[in-house]
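Novice: Submitted below is the structure of interest, expressed as structure tokens.
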Amino acid sequence: MKIIDFRFRPNTPEIINGIKNSSMFKATCEAIGFDKRVPQPLPEIVADLDRRGVELCVVSGRDCETTYGFPANNNSILEFCRAYPNKFLGFWGIDPHKGMDAIDELKLMVENHGFRGAAIDPFLAKIPANHAKYYPIYAKCCELKVPVVISTGPGTRVPGAIMGDASPARVDEVARDFPDLTIVMSHGGYPYVQEACMVCHRNANVYMEWSEYETWPFADGYVKAGNELIPDKLIFASAHPFYDSWERAKLYETLGFKPDVLENVLYNNAARVLGLA
């Protein structure tokens, strides 16, 4: 079965070290033993993906320099996409506090360097997704006809993060104000499982992946909603290198999806968002 992984960062030494030493995720990494993750050279990573049938990976950047003083990783994303344009599709990470400079940068990266969308992290920016500082970004995405990935996870052990800043209810307001904007909620709005499923159901332009939380309490609600309510809205994402991409893809075969829904989740829905269908 064909696979698109919608949240993948290559486990190169630079990425592994950057994550575990970051001011945002250092405590999280220590809690889950992330320092035991095995780094690989990029050609070896791509060879593994090819062998396992992972056709494409969305690699999203992150910029929270204003709030956490940590440099953006966008240049690494650019290097991955340049090295393997048929394997990695880049989404440019945006710090909303950088104003028009960030928006001009997004335009440049989409139009001149082939980036496929934008990525924002409200819990790291310390403002919710419906804050006015994000609205010029959404408007530019509409103009450029590219989607935006909005992180909606709980931000476990991230210093200063507020879980409510990633609430799906805030994304619902964005979907109302920008009906032409394709939105992908990353991490499924966990623990707001029911709210996230309903935001996808009631807004034609909202999709989600629930990487990292597939086996957590109440996560069976995502599967039930996929089978009965939103079979065209759920997207597979592994959150690699926090989890192994192939192991997570195999996990999805055990979660209880109907065969046609599983095919949608692993490939078709992502292909539609990316304009590949």
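Novice: Which pairs in the list K87/K145; K36/K140; K26/K98 are over 30 Å apart, alpha-carbon to alpha-carbon?
Specialist: Checking Cα-Cα distances, K36/K140 exceed 30 Å.
Novice: Could you calculate the contour length gain from A132 to H201, that is, 0.36 nm times the residue separation minus the distance between their Cα atoms, to one decimal place in nm?
Specialist: That works out to 22.4 nm of additional length.
Novice: Same structure, new question: Which cross-chain or sequence-distant (5 or more) residues have an amide H under 5 Å from the amide H of G90, H modelled 1.01 Å from N in plane?
Specialist: V59, R116
Novice: Could I ask something else about it? How much length is gained on full extension from E79 to E173, taking 0.36 nm per residue of separation minus their Cα-Cα distance?
Specialist: Result for the pair: 30.4 nm of gain on full extension.
Novice: Which order do the peptides 227-236, 80-89, 188-197, 251-260 take when ranked by the mean count of other beta-carbon atoms within 10 Å per residue, highest first?
Specialist: In descending order of packing, they fall as 188-197, 227-236, 80-89, 251-260.
Novice: Follow-up. Write down the accessible area per residue of the stretch 141-277 in Å², having rolled a 1.4 Å probe over the full set of protein chains.
Specialist: Using a 1.4 Å probe on heavy atoms only, each residue of the stretch 141-277 averages 41 Å².
Novice: Separate question: Where a Cα-Cα gap under 26 Å defines reach, which lysines qualify for K258, not counting those fewer than 8 residues away within the same chain?
Specialist: K2, K224, K233, K250
Novice: From the phi angles alone, apply the Karplus equation (6.51, -1.76, 1.60; θ = phi - 60°) to the stretch 64-73 and give each ³J(HN,Hα) in whole Hz, x where the residue is Gly or Pro.
Specialist: Residue by residue, the stretch 64-73 yields 10, 4, 5, 8, 10, x, 9, x, 5, 9 Hz.
Novice: Would you mind working out the magnitude of the charge dipole of the stretch 141-193 relative to its Cα centre, with +1 at each Lys and Arg C-beta and -1 at each Asp and Glu C-beta, to the nearest 20 Debye?
Specialist: 220 debye
Novice: Related question: Hey, can you grab everything whose amide H is under 5 Å from the amide H of Y207? Only 5+ residues off in sequence or another chain; H modelled, so Pro and N-termini drop out.
Specialist: I183, V184, M185
Novice: Follow-up question, since we're still on this one. Of all the accessible heavy-atom surface of the stretch 148-277, with the other protein chains kept in place and a 1.4 Å probe, what percent is carbon and sulfur?
Specialist: With neighbouring chains kept in place, the figure for the stretch 148-277 is 52 percent.
Novice: With θ set to phi - 60°, apply the Karplus curve 6.51 cos²θ - 1.76 cosθ + 1.60 along the stretch 258-271 and write out the HN-Hα couplings as whole Hz, x wherever there is a Gly or Pro.
Specialist: 5, x, 5, 5, 4, 4, 4, 5, 6, 9, 4, 5, 5, 4
Novice: Using Cα pairs under 8 angstrom and six or more residues apart, how large is the relative contact order of the stretch 197-277, in percent?
Specialist: Once divided by the residue count of the stretch 197-277, the mean separation gives 30 percent.
Novice: Take the alpha carbon gyration tensor of the stretch 105-206, find the square roots of its eigenvalues, order them as a ≥ b ≥ c, and report rounded if a/c is under 1.5; if not, report prolate when a/b exceeds b/c, else oblate.
Specialist: Judged from the Cα gyration tensor, the stretch 105-206 comes out oblate (a/c at least 1.5, b/c at or above a/b).
Novice: Per-residue counts of other Cβ atoms within 10 Å, averaged by peptide: what ranking do you get for 135-143, 214-222, highest first?
Specialist: 135-143, 214-222
Novice: Once each part is reduced to its C-alpha centroid, what is the distance from the stretch 141-170 to the stretch 35-110 in angstrom?
Specialist: Centre-to-centre distance over Cα atoms comes out at 17 Å.
Novice: Moving to a separate point now. If you take the beta carbon distance between T215 and D101 as r and set R0 to 45 Å, what does 1/(1 + (r/R0)^6) give as a FRET efficiency, to the nearest 0.05?
Specialist: 0.65
Novice: What is the dipole size for the chain, taken about its Cα centre, with +1 at each Lys and Arg Cβ and -1 at each Asp and Glu Cβ, in debye to the nearest 20?
Specialist: With only Lys, Arg, Asp and Glu charged at Cβ, the dipole is about 80 debye.
Novice: Would you mind working out the magnitude of the charge dipole of the stretch 1-80 relative to its Cα centre, with +1 at each Lys and Arg C-beta and -1 at each Asp and Glu C-beta, to the nearest 20 Debye?
Specialist: It works out to roughly 260 debye.
The values are calculated or read from the model by the stated rules, or taken from the named source; none is laboratory data. Everything quoted here is computed from the prediction, not taken from an experiment. All Cβ positions, even for glycine, are placed from backbone atoms using ideal geometry, and neighbour counts span all protein chains on display. Accessible surface is based on the protein model in full, side chains and every heavy atom, while ligands, DNA and RNA are left aside. Shrake-Rupley method; radii C 1.70, N 1.55, O 1.52, S 1.80 Å.
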